[in-house]
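The values are calculated or read from the model by the stated rules, or taken from the named source; none is laboratory data. These figures come from a predicted structure and were not determined experimentally. In case anyone asks, the SASA skips ligands and DNA or RNA and just uses the protein heavy atoms, side chains included. Shrake-Rupley method; radii C 1.70, N 1.55, O 1.52, S 1.80 Å.
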Amino acid sequence: MTDLDLGPMDNERRNKLVLFAFLLVTLAVGALSSIFTEPNVSGWYTTIARPSFDPPNWIFAPVWTALYALMAVAAWRVWRVNGWRSGAMALYAIQLALNFAWSFIFFSLHRIDLALGEIAVLLLAIAATTIIFFRRDAIAGLLFLPYLGWVAFAAFLNYSIWVLSR
């Protein structure tokens, strides 16, 4: 039996159940992050100086939903290769926690400066996760690239807001 004992179950059913779990957990992190984000997007965020390239607010929810789904599928693909107890799964969990923390720091605490430092660490964690995912499963690595790109953009946006707020 594997490190996740689901009893007597065929492999296909087990794979679908684990994919569902990855989707559920990853999308839940996004939903919980929105608790901090949503009230501040229409409030505090509208009062701060933002660069001209700041996307419209309506774009964030669909983009993040798609990114979270891609992240979950990528992690599931790597799980199929490595199982739960691996460096790849640890990195996935770390970057997911950092992702959650950024929303709290930026939107709830209104600490643009701390959020900038945190997103730099998050970006490194995503890059490391992308690399290890590529090494385990090329498609998983490819699925992580849009997330890496979006967070790089978000880091630049965070930096620009920080510069404008000084």
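Calculated translational diffusion coefficient of the chain (20 °C, 1.002 mPa s; Stokes-Einstein with Kirkwood radius over alpha-carbon pairs) equals 128 µm²/s.
Residue 15 to residue 42: extension gain in nm, 0.36 nm per residue of separation minus the Cα-Cα distance? Could the numbers behind the result be given before it?
Working: separation 27, 0.36 × 27 = 9.72 nm, distance 4.00 nm.
Full-extension gain reported as 5.7 nm.
May I ask you to derive the relative contact order of the chain, considering only C-alpha pairs under 8 Å and at least 6 residues apart, and to give it as an integer percent? Result for the chain is 29 percent. The long axis of helix 87-103 is offset from the longest Cα principal axis of the chain by roughly 30 degrees. Along the stretch 68-78 the Karplus relation, 6.51 cos²θ - 1.76 cosθ + 1.60 evaluated at θ = phi - 60°, assigns HN-Hα couplings of 4, 5, 4, 4, 5, 5, 4, 4, 4, 4, 5 Hz to successive residues, with x for each Gly and Pro. From helices alone, the chain scores -27000 deg cm²/dmol at 222 nm; the rule is -39500 (n - 2.57) for each run of n ≥ 4 DSSP H residues, then divide by the residue total. Couplings 3J(HN,Hα) for the stretch 53-58, derived from phi with the Karplus relation 6.51 cos²θ - 1.76 cosθ + 1.60 (θ = phi - 60°), are 8, 4, x, x, 4, 5 Hz, where x marks Gly and Pro.
Accessible area per residue for the stretch 36-166 is 49 Å², calculated with a 1.4 Å probe on protein heavy atoms, without ligands, DNA or RNA. Taken along its principal axes, the alpha carbon cloud of the stretch 117-166 reaches lengths of 43, 16, 7 Å, longest axis first.
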